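Derivation of every value follows stated rules applied to the coordinates shown; laboratory data play no part. The model shown is predicted, which means the values in this text are computed figures rather than measured ones. Because the Cβ atoms are built from the backbone with ideal geometry, glycine has one as well, and the counts that use them run over all protein chains shown.
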Amino acid sequence: MNLLRIRIHHLIEQIADEDLQSFWEIVQALHFDSYMEQVKRSQHPWDILTHNEAVRLLMFL
């Protein structure tokens, strides 16, 4: 993991400061897309709560 971290830092250092914001937005969007795909693959029909079930669950937290 440390080698990957070092490589990422090296890549970031090579990006011009004016391009860093747009680069971050792209990386962030890819991360969110990846996360949503993982959720879709692991979600089952019985994992979804009705509105009333969700409200009841939140009241107990």
(Q) Would you confirm whether or not the range 34-42 contains a residue that is among the basic types (Lys, Arg) and surrounded by 10 or more Cβ atoms within 10 Å (Cβ to Cβ)? (A) no
If you go through Leu58, Leu30, Leu4, the only one that is of a type in the set (A, V, I, L, M) and surrounded by 10 or more Cβ atoms within 10 Å (Cβ to Cβ) is Leu30
